[in-house]
């Protein structure tokens, strides 16, 4: 069997045709139960898209483009494109019109799939110049599209005679391992979004490796929220197919509680999500009567030590109240079946990892990026030893080594085919073919990989000292009930920590201040304890305290909720200037 996602999909169609695979939480019907889509139903829609694409002249080697939120149709259109040996380009639905148009000019798609009038309006100003565009598909039947290209509504798709299963099978068998799987655009913590070309072979290998992280889970839903336009969302999708686990699919943040209410067994979120839950738990404890507050705080600390494999018998006793009361509350949030809490895309505080593991959840780190098809290293539910701060061992078939300057270098079966524009590949590889990840880290004697930061996130003080921004931010997150942190200080005399504190907690702190005390000085005293074991120049000398959460400033966030440093510094430039003046 060829190593393609489509060959595995065909296998599922043959042996599990009537098995629900996508359970869709349709945002149009917020009170409706998840809508099940079987492999057979999804395959029929794939075949309807294939038929329409062929009728409109789409051929192998063409490109298609998807500008839409998560939905079953996102994937049926993408899989139809792949079956025809086209290259589907995935765009974040949160992109602004200028960003969308920039990518369209570079991709030159022959077919476009959009989810709504809002998304089409981002393209509309440029449509007359898209001479290569042959067909437009709209998911919302109420859309109004005027174009020289053929417009096809979703109603027309559902009424289309699909190509036969025999034709679908023959087309799938013609797909080669080097054919495109998807064209992913990096989320843009820097300005330019690079187009990352991923092959069927690379994604197949990532999906096979991914099954190692979920083997042994009950055949219950995996909650899927990360966008399909992000490599982590694609990996979650592929792993579910290869392990034949159903996906509970969300399109909006507002639907996450609704997803948890359907009792998934696993989910994958960025660290910010778990940090926020931890902060809320601790804030809730602070509101309790003094004796209970003291007992539960001691119990939480014991739980964390146990989760980090640093506790003993006494901690096992002390942890009981937290393991009973808090775990039950979290089960009420996550659903009764939740076992595996996975995290990726950014560093996570060891304290948060210890908290969830100590409460009995499997909390696992994944490390990768678009260029490596999301697969460099990971932790498994089945490994006997966890090393705190590590992201696990490199995945099977991958090679990882550390350059002299500490940069992590990667080579393996999951490496991208290349960038859309060859200019983006300049200085991306070593002479012996290793990809330069841009991350710094080290491998210990047992082969575990540790990430220490980003090369571009090194703060070079005007004293010549180098400070890892991520290391400072992780320590800040482990002190106060902080929503997010950003380390500042490049070309300055000292490091400053910028911290976001949720409005309610911010007001609570303000109420405790002495008449002549600022919230910045109050918080600085609190965070100092987390920096006792580092060099003086690595400790924040001042704080910028921001009321609210990063979500209150959407212009500084990527679609996966990572803070864009340049945008952050631009937005808060006056406040930062005052600190250093």
For residue 219 and residue 465 in one chain, what is 0.36 nm times their gap in residues minus the Cα-Cα distance, to one decimal in nm? 83.4 nm
Relative exposure of 168, 77, judged by other C-beta atoms within 10 Å (fewest first): 168, 77
Angle in degrees between helix 231-243 and the longest Cα principal axis of the chain, rounded to the nearest 10: 70
Of the stretch 402-424, those with amide N under 17 Å from the point 7 Å along the Cα→Cβ vector of residue 176 are 417-418
Ordering 80-87, 403-410 by per-residue average of other C-beta atoms within 10 angstrom, highest first, gives 80-87, 403-410
Segment residue 519-residue 551, extension gain: residue separation times 0.36 nm, minus the distance between their alpha carbons: 9.4 nm
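How large is the convex hull of the Cα atoms of the stretch 231-314 per residue, expressed in Å³ as a whole number?
Numbers: hull volume 13.1 nm³, N = 84.
Expressed per residue, the convex hull around the Cα atoms of the stretch 231-314 is 156 Å³.
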Compute the acute angle (0 to 90°) between the alpha-carbon long axis of helix 97-107 and the principal axis of greatest extent of the alpha-carbon atoms of the chain; round to the nearest 10°. 50
Taking a crude spin-label model, label points 7 Å out from Cα along the C-beta direction, the residue 577 to residue 336 distance in nm is 5.9
Of all DSSP beta bridges in the chain, what percent run antiparallel (nearest 5)? 50
I'd like the distance between the alpha-carbon centres of the stretch 486-533 and the stretch 338-396, rounded to an integer number of Å. 29
Which three semi-axes in whole Å describe the equivalent ellipsoid of the stretch 391-485, each the square root of 5 times a Cα gyration tensor eigenvalue, listed largest first? 27, 18, 14
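Would you kindly calculate the translational diffusion coefficient of the stretch 156-213, applying Stokes-Einstein with the Kirkwood radius from alpha carbon pairs, for 20 °C and a viscosity of 1.002 mPa s, and quote it in µm² s⁻¹ without decimals? Mind showing how you got there, number by number?
Values: Rh = 14.5 Å.
The estimated diffusion coefficient comes to 148 µm²/s.
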How fast does the chain diffuse by Stokes-Einstein, in µm²/s, taking the Kirkwood radius from C-alpha pairs at 20 °C and 1.002 mPa s? 85
More than 21 angstrom separation, counting every C-alpha pair in the stretch 27-143; what % is that? 37
Could you calculate the FRET efficiency of residue 212 with residue 508 from 1/(1 + (r/R0)^6), where r is the beta carbon distance between them and R0 is 41 Å, rounded to 0.05? 0.40
Determine the gain in length on full extension of the stretch residue 423-residue 491; use 0.36 nm per residue of separation and subtract their C-alpha separation, reporting nm with one decimal. 21.5 nm
The stretch 290-376 pair-distance distribution - Cα-Cα, 10 Å bins, rounded %: 17, 41, 28, 10, 3, 0
If packing is taken as the average number of other Cβ atoms within 10 Å across a peptide's residues, how do 512-519, 34-41 rank, most packed first? 34-41, 512-519
What FRET efficiency, computed as 1/(1 + (r/R0)^6) with R0 = 35 Å and r the Cβ-Cβ distance, is obtained for residue 263 and residue 316, rounded to the nearest 0.05? 0.80
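For the stretch 175-261, what ratio Rg/Rh do Cα atoms give with a Kirkwood hydrodynamic radius? Walk me through the intermediate numbers first.
Working: Rg = 14.5 Å, Rh = 14.3 Å.
Result: Rg/Rh = 1.01.
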At 222 nm, what value in deg cm²/dmol follows for the chain if DSSP H runs of at least 4 each add -39500 (n - 2.57) and the sum is divided by all its residues, to the nearest 500? -11000 deg cm²/dmol
Taking neighbour Cβ counts within 10 Å as the exposure measure, how do 353, 281 sort from fewest upward? 281, 353
Which three extents, in whole angstrom, do the alpha-carbon atoms of the stretch 268-454 cover along their principal axes, largest first? 63, 33, 29
Using only the alpha-carbon atoms, how far is helix 503-512 inclined from the longest principal axis of the chain? Give it as 0 to 90 degrees, nearest 10. 10
Mean-position separation - Cα centroids, the stretch 414-461 and the stretch 268-294, in angstrom: 35
The stretch 461-580 - Kirkwood radius from inverse mean 1/r over Cα pairs (Å): 14.8
What order do you get for 215, 297 when you list them from fewest to most C-beta neighbours inside 10 Å? 215, 297
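Readers should treat all values here as calculations from the given coordinates under stated rules, not as data from a laboratory. This structure is a prediction, so every number in the text was calculated from the model and none was measured. Using ideal geometry, Cβ is built from the backbone for each residue, glycine included, and neighbour counts are taken over all protein chains shown.
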